[in-house]
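Comments concern the structure below.
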């Protein structure tokens, strides 16, 4: 299984884990009552990670990400089709994490051979 680059090796300029999202259903009734159904005992987790400062990533560091994108078969409309291993800050390794829909953007930085990368990851139950 492919592995997302270590957050200590290539340090992000921004790292955020969003609030967990619990999949479920809500059925409302005419009398104002409602039933709730939890569809999973595990929440959906999402992370946003940016690599933009100081100055962005070198071409060699950016190649690490473009190689990863190819190995997880990333599609901007669907996200990655193959899961990868990811170690969030302060946690143990998590398997089967994917790039979210539109979850990978790479662009040239302000100087030659500098790249800015934005990654959005998702772990589904």
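Coordinate-derived values only; no laboratory data. Here the structure is a predicted model, which is why all the values come from computation and not from measurement. As a convention, Cβ positions derive from the backbone with ideal geometry for all residues, glycine included, and neighbour counts pool all protein chains shown.
Side notes on the structure shown:
- Residues within region 53-78 that are outside any helix (DSSP H, G or I), without any contact (Cβ under 8 Å) to a residue 60 or more places away in the chain and either more than 16 Å from residue 118 (Cβ to Cβ) or under 13 Å from the mean Cα position of the chain (by Cα) (or both), tallied: 8
- Number of the exception - residue 71 against (1) at negative phi; (2) touching a strand residue (DSSP E or B) at 6+ places or on another chain (Cβ under 7 Å); (3) surrounded by 12 or more Cβ atoms within 10 Å (Cβ to Cβ): (2)
- Residues located in region 110-123, provided they are part of a loop (DSSP other than H, G, I, E, B) and either in contact (Cβ under 8 Å) with a residue 40 or more places away in the chain or under 18 Å from residue 13 (Cα atoms) (or both): 110, 111, 113
- Matching residues, region 79-109, being without any contact (Cβ under 8 Å) to a residue 40 or more places away in the chain, on the phi < 0 side of the Ramachandran plot and in a loop (DSSP other than H, G, I, E, B): 81, 91, 92, 93
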